[in-house]
Amino acid sequence: MTPASAPRLSAHGLSAGYPGRTVIEGLDLEIAPGRITMIIGANACGKSTLLSVLARVNAPLAGTVELDGADVSTLSRRSFAQSVGLLPQHPTAPDGLTVAELVSRGRHPHRGVFQRWSADDTARVDDAMARTGVAALADRPLGDLSGGQRQRVWIAMALAQEPRVLLLDEPTTFLDLSHQIEVLDLLRTLNRTDGTTVVVVLHELNLAARYADELVVMSGGRIVAHGAPADVLTRDVVSQAFDLEALVIPDPLTSTPLVIPVPGGAHAAADEA
């Protein structure tokens, strides 16, 4: 898939939140098709809320989310799932489920109620496990795996779904640095190989800047900057979005922005979960 043929996911006049609390209001966003977009911002700024509405997990309070120009609320659940996959921040699976059984669940959107498992389903599952490096773990219970292995299995399940857009909420949470890089390298390979649109909510600013084609910087439920990392991750934007004084210099390895906090430069403690 090339970026030109990748689907267009967008939000228009979007307001979203929870009973008694509006988190996002009047937000407009065009996700770059066939590219990697990272959404960053301080805690409670609306990143995960935005992703949940883009994934149709939560309905907007106002405005629309569109996929190739169609309001996603008009699409059947199955049709939407054939195009858009979601890896939530804390995915769960029944106890004792094996790797192959979990990855096989990604095929559900492509099978009718009475449709039998096919050779094509098996091939898609095998390919997803091979590409994520978990084929040798196929018969292992998910609970026996390390955190990095489990994340690759969940990504394999999403790949078996064959999404044209893959949304991930904090896929590196609780992983050590080497496993964080392993997961992000995998996502970049999948994007570059298949042209899949990848949208990731991420806390790690420097990793976001290194792997993103585009950054969306959020603060207080709105977008304060959107564009190429070198254009938007500036000292002023970091101060505005994170209430943090920092130097922003070119990464010596990648030339992408490298954020270095100034000691004692935090204006206020960010204690919100």
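The values are calculated or read from the model by the stated rules, or taken from the named source; none is laboratory data. Just so you know, these numbers come straight off a predicted model, no measurement behind them. Every residue, glycine among them, receives a Cβ derived from its backbone with ideal geometry; neighbour counts consider all protein chains shown. Remember, those area values only see protein heavy atoms, side chains included, never the ligands or the DNA or RNA. Shrake-Rupley method; radii C 1.70, N 1.55, O 1.52, S 1.80 Å.
The table for this structure:
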{"quantity": "Strands (runs of 3 or more DSSP E) contained in segment 1-66 and holding at least 3 residues of a type outside the set (Ser, Thr, Tyr), under 19 Å from the mean Cα position of the chain (by Cα) and closer than 16 Å to Leu202 by Cβ", "calculated": "36-41"}
{"quantity": "Any hit, segment 224-238, residues being among the β-branched types (Val, Ile, Thr), under 26 Å from Arg8 (Cα atoms) and in contact with a Pro (Cβ under 6 Å, 6 or more places away or on another chain)", "calculated": "no"}
{"quantity": "Qualifying residue in segment 19-31 (condition: open to solvent by less than 10 Å² (accessible area, probe 1.4 Å), closer than 30 Å to Gly133 by Cα and at pLDDT 90 or above)", "calculated": "yes"}
{"quantity": "Single residue of Arg140, Arg164, Arg131 found to be open to solvent by 20 Å² or more (accessible area, probe 1.4 Å), charged (D, E, K, R) and modelled with pLDDT of 95 or more", "calculated": "Arg140"}
{"quantity": "Long-range neighbours under 6 Å by Cβ, at least six apart or interchain, first residue under 16 Å from Thr193 (Cα atoms) within segment 143-170, second at pLDDT below 90", "calculated": "Arg164/Pro7; Val165/Pro7"}
{"quantity": "Cross-chain or 6+ apart pairs with Cβ under 7 Å, segment 175-201 first and open to solvent by 40 Å² or more (accessible area, probe 1.4 Å), then part of a helix (DSSP H, G or I) and hydroxyl-bearing (Ser, Thr, Tyr)", "calculated": "Arg188/Tyr211"}
{"quantity": "Near pairs, Cβ below 9 angstrom, 6+ apart or cross-chain, from segment 98-127 (closer than 22 Å to Arg77 by Cα and at pLDDT 90 or above) to any residue that is open to solvent by 50 Å² or more (accessible area, probe 1.4 Å) and among the aromatic types (Phe, Trp, Tyr)", "calculated": "Ser104/Trp117; Arg107/Trp117"}
{"quantity": "Criterion violated by Gly13 - all others in (1) at positive phi; (2) in contact with a Lys or Arg (Cβ under 6 Å, 6 or more places away or on another chain); (3) surrounded by fewer than 22 Cβ atoms within 10 Å (Cβ to Cβ) satisfied", "calculated": "(2)"}
{"quantity": "All positions within segment 80-95 that are open to solvent by 50 Å² or more (accessible area, probe 1.4 Å) and over 20 Å from Ala16 (Cα atoms)", "calculated": "Gln82, His90, Thr92, Pro94, Asp95"}
{"quantity": "Number of positions in segment 83-115 that are assigned to a loop (DSSP other than H, G, I, E, B) and under 15 Å from Ala156 (Cα atoms)", "calculated": "5"}
